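Below is one structure, written out as structure tokens; comments come after it.
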Amino acid sequence: MNKQEFIANLQAKLCGLPKQEVEERLNFYSEIIDDRMEDGLSEEEVVLELGSLDVIAEQIIADIPLTKIAKERIKPKRCLKAWEIILLALGSPIWLSLAVATFAVILSLYAALWSVIVSLWAVFGSLIACAVVGVAESIIFICQGNALSGVAMFGAGIVCAGLDIFLFFGCKSATKGTLLLTKRMALVIKKCFVKKEEA
């Protein structure tokens with residue numbers, strides 16, 4: 001594939017994105033190809049070196065904020081006719097309520113997911129407090145002459161500390177997974193905007 005084919009195929013994969021963003025990315029890759037050709041490589045070698053068009057397009061889509069993509073899609077391409085405005089107004093009790101309900105359900109599910117993550121970190125913090133208090137109380141009990149209760153409290157503090165170590169790794173993994181899920185959801189939404197434009 002030569003430079004012209006690469007740029008044309010990339011432009012086709014990026015249709016639906018804001019035109020300014022697409023032009024910037026196409027100019028960027030065009031300059032990369034030109035620079036590498038000045039180093040002595042052929043067009044085909046440079047294009048092959050850049051990698052898969054699908055991966056490049058996916059990275060570009062991921063880098064562009066969702067708000068920019070949505071603004072580009074919301075801009076009317078033409079003026080609405082009077083009958084279209086009337087139909088939109090008459091249908092608004094149905095489509096608007098459905099849109100709000102869908103958004104509310106998605107937002108509540110997302111909030112519930114993050115509340116589970118926050119709860120896990122709260123349990124982690126509670127176990128740290130229990131471990132510290134357990135060890136401190138064991139010292140107080142031993143100093144008061146109640147060695148058996150002191151040893152029990154010390155054991156409880158150590159158990160809490162041990163559980164805390166395992167819980168830390170679980171909380172960390174759950175948080176990373178949720179952040180990764182958030183990125184993937186945003187990418188899927190962005191791709192929906194791009195696919196609508198292609199159709």
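The values are calculated or read from the model by the stated rules, or taken from the named source; none is laboratory data. These numbers come from a predicted model, not from an experiment. Heads up, the Cβs are rebuilt from the backbone with ideal geometry, glycines too, and the neighbour counts pull from every protein chain shown.
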task: Would you be able to say whether some residue in segment 116-134 is of a type in the set (G, A, S) and not assigned by TED's automatic domain parsing to the domain that holds L163?
output: no
message: Take I60 and tell me if it is part of a helix (DSSP H, G or I), of a type outside the set (K, R) and more than 23 Å from I189 (Cβ to Cβ).
response: no
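One line per residue, one yes/no per condition, for (1) free of Cβ contacts under 8 Å to residues at least 24 places away in the same chain; (2) under 15 Å from I64 (Cβ atoms); (3) not assigned by TED's automatic domain parsing to the domain that holds D63:
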| position | (1), (2), (3) |
| --- | --- |
| E24 | yes, yes, no |
| S30 | no, no, no |
| D39 | yes, no, no |
| E44 | no, no, no |
- prompt: Between a first residue in segment 157-183 that is over 13 Å from L127 (Cβ atoms) and a second residue that is aliphatic (A, V, I, L, M) and modelled with pLDDT under 90, which pairs have beta carbons less than 9 Å apart while being 6 or more apart in sequence or on different chains?
  reply: K183/A62
- request: Test each condition in (1) closer than 29 Å to A62 by Cα; (2) of a type outside the set (A, V, I, L, M); (3) touching a Gly at 6+ places or on another chain (Cβ under 6 Å) for T102 and report the one that comes out false.
  value: (3)
message: Considering only segment 160-177, I want to know if a residue exists there that is within 20 Å of the chain's Cα centre (by Cα) and charged (D, E, K, R).
response: yes
- prompt: If you check S30 against the conditions, is it among the small types (G, A, S), at pLDDT 85 or above, within 30 Å of Q4 (Cα to Cα) and out of contact with any Cys (no Cβ under 9 Å at 6 or more places or on another chain)?
  reply: yes
task: Filter segment 13-22 down to the residues that are surrounded by 13 or more Cβ atoms within 10 Å (Cβ to Cβ) and of a type in the set (D, E, K, R), then identify the one that is nearest to V188 (Cα to Cα).
output: K13
